[in-house]
1. Can you name the residue in segment 105-119 that is within 28 Å of the chain's Cα centre (by Cα) and either loosely packed, with under 12 Cβ neighbours inside 10 Å or in a loop (DSSP other than H, G, I, E, B) (or both) and, of all such residues, is modelled with the highest pLDDT?
2. Looking at (1) on the phi > 0 side of the Ramachandran plot; (2) assigned to a helix (DSSP H, G or I), can you tell me which one LYS36 breaks?
3. For segment 240-274, name all the residues that are without any contact (Cβ under 8 Å) to a residue 12 or more places away in the chain and over 25 Å from GLY215 (Cβ atoms).
4. Yes or no: THR328 part of a helix (DSSP H, G or I), surrounded by fewer than 20 Cβ atoms within 10 Å (Cβ to Cβ) and in contact with a Phe, Trp or Tyr (Cβ under 9 Å, 6 or more places away or on another chain)?
5. Which residue is nearest to GLY153 (Cα to Cα), if the candidates are limited to segment 195-224 and must be surrounded by 13 or more Cβ atoms within 10 Å (Cβ to Cβ) and modelled with pLDDT of 80 or more?
6. Going by the structure shown, is LEU158 surrounded by 11 or more Cβ atoms within 10 Å (Cβ to Cβ) and touching a residue at least 60 places away in the same chain (Cβ under 8 Å)?
7. Among the residues of segment 88-97, write down those that are out of contact with any helix residue (DSSP H, G or I) (no Cβ under 6 Å at 6 or more places or on another chain) and either buried (at least 19 other Cβ atoms within 10 Å of the Cβ) or under 23 Å from ASP261 (Cβ atoms) (or both).
8. Search segment 233-279 for residues being modelled with pLDDT under 90 and of a type in the set (Phe, Trp, Tyr), and hand back the single one that is surrounded by the fewest Cβ atoms within 10 Å (Cβ to Cβ).
Amino acid sequence: MATIGASAIFSSISGSVNATTATLAKVAIPEMKSYKYHPGLASACVAAGGTLGVLIPPSVILILYGILTMEPVGELLIAGVVPGLLLTITFMAVVYIQVKRKPELAPSTDHEVSWKEKFLSLSEIWPFAIIFLISMGGIYMGFFTPTEAGGVGAISALVVALLTRKLNFKKLLESVDETLRLTAMIFLILIGAGLFSQFLAMSQIPAAATSFVTGLDVSPFVIIAILLVVYFLLGLFLEGIAILVLTLPIVYPIVTGLGFDGVWFGIIMVMVFNMGVITPPLGISVFVINGVVRDIPVQTIFRGVVPMLIAMVIFTAVLVMFPQIVLTLPNLMQ
C-alpha cells in the first residue's frame, strides 16, 4: 500500500509511467522481497502504481488531450485529481483484500514502527507537496493559467533544489537538456497532429462519422462502450500519445455530438487505454519491471496484475455511470 502511495506521488511529479515503474521497481520490490512478500503482489503494486500518473496532475497525456481538442487544460488537470486519488485508494483496497484472504502473500513482521517514526519519515517529501499545492492550487483558485503554473512549478522546484543543496551545475545542464528534448518532441507531435487534423477536416471524414453515429437508433452509452472497448484494444499495442493523435480528430466530434462532456471523456479515455501498459501482449510496465528485477518471471507479474486490472475496469465503469466524480471540481472552477 505504501508502494502504491509512493507511485502516486512520484508519477504525478515525473509524468512518466515508465520512469515511475522503473524507479519503484528498483526501490520497493527488493524491500518487499526481503520481507518475503509474494513476487506477484510486489510487482503488481509497482505496475499498477505507475499507471496513476495519467490521472494525477500534472499529466502530460491530459495536457496533450486538451491541446488537441481545445478543452481547457486547467479543468482537465483538476478533473484528474479526484479519480486519481480514488484509484489510488482502490488499488490499496485490492491489496488489503488480497492479503486478508491470503496472509502468506505479505507475511507479518515483528518489526514495530511507531506513528511518530512514520510521520517523521515523511519529512523529506514536503518539497513535492509544496510544489504540487502551489501549482495545482493556483490553477484551481484561478491565480494563474496552466502555462503560468508550469513556470511557477519550475521556479519552485529550482528554489527547493537550491535550498536543499541537491542541485549542481551538471544537474542543471542535464535538466535543461532533457527539457529541451522533451519540448521539441512534443511540438513535433503537435505539428504532425495538426497536419493530420487538417487533412481529416478537408476530407469531411469526422463530420460524416459524427452524422452517421449520432443518427444511429441506439443509446449513446452503447456507442461510448464500443469506443472504450476499441481504446482498450488499441492500448494493448500502441503508446498513449499515438492513440491520441490518431483517433481524437474522429472520435472527439462523435463524443461531443452525442452530448457527452469533453473533459469527462478525456479522463475516461486515458484510463482505458492506460490499462494496456499492464496487459499482454505489449504490457510495457510489466517488461520494465522484468528488466529491472530479472528474477521475477513475466508470467508471474502478469498474473499478479490481474486483480488490479479488474479493479481498473470496475472503477472506469463507475466513472461512466457517475460522471460527477470527474466533473465536480472542474465545475467549481467555473
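The values are calculated or read from the model by the stated rules, or taken from the named source; none is laboratory data. These numbers come from a predicted model, not from an experiment. FYI the Cβ positions are ideal-geometry reconstructions off the backbone, even for glycines, and counts take in every protein chain you see.
1. Restricting attention to segment 105-119, the residues satisfying the condition of being within 28 Å of the chain's Cα centre (by Cα) are 105-106, 118-119.
Restricting the remaining residues to those that are either loosely packed, with under 12 Cβ neighbours inside 10 Å or in a loop (DSSP other than H, G, I, E, B) (or both) gives 106, 118-119.
Numbers: ALA106: 89, LYS118: 78, PHE119: 79.
Filtering segment 105-119 for residues that are within 28 Å of the chain's Cα centre (by Cα) and either loosely packed, with under 12 Cβ neighbours inside 10 Å or in a loop (DSSP other than H, G, I, E, B) (or both), the one modelled with the highest pLDDT comes out as ALA106.
2. (2)
3. Residue satisfying the conditions is ALA242 alone.
4. On the way: part of a helix (DSSP H, G or I): yes; surrounded by fewer than 20 Cβ atoms within 10 Å (Cβ to Cβ): yes; in contact with a Phe, Trp or Tyr (Cβ under 9 Å, 6 or more places away or on another chain): no.
For THR328, the condition - part of a helix (DSSP H, G or I), surrounded by fewer than 20 Cβ atoms within 10 Å (Cβ to Cβ) and in contact with a Phe, Trp or Tyr (Cβ under 9 Å, 6 or more places away or on another chain) - is not met.
5. PHE196
6. Details: surrounded by 11 or more Cβ atoms within 10 Å (Cβ to Cβ): yes; touching a residue at least 60 places away in the same chain (Cβ under 8 Å): no.
Considered against the rule, which asks whether it is surrounded by 11 or more Cβ atoms within 10 Å (Cβ to Cβ) and touching a residue at least 60 places away in the same chain (Cβ under 8 Å), LEU158 comes out as no.
7. So in segment 88-97, the residues out of contact with any helix residue (DSSP H, G or I) (no Cβ under 6 Å at 6 or more places or on another chain) come out as 89, 93, 95-97.
Answer for segment 88-97, where residues must be out of contact with any helix residue (DSSP H, G or I) (no Cβ under 6 Å at 6 or more places or on another chain) and either buried (at least 19 other Cβ atoms within 10 Å of the Cβ) or under 23 Å from ASP261 (Cβ atoms) (or both): just VAL95.
8. Taking the candidates together, the pick is PHE237.
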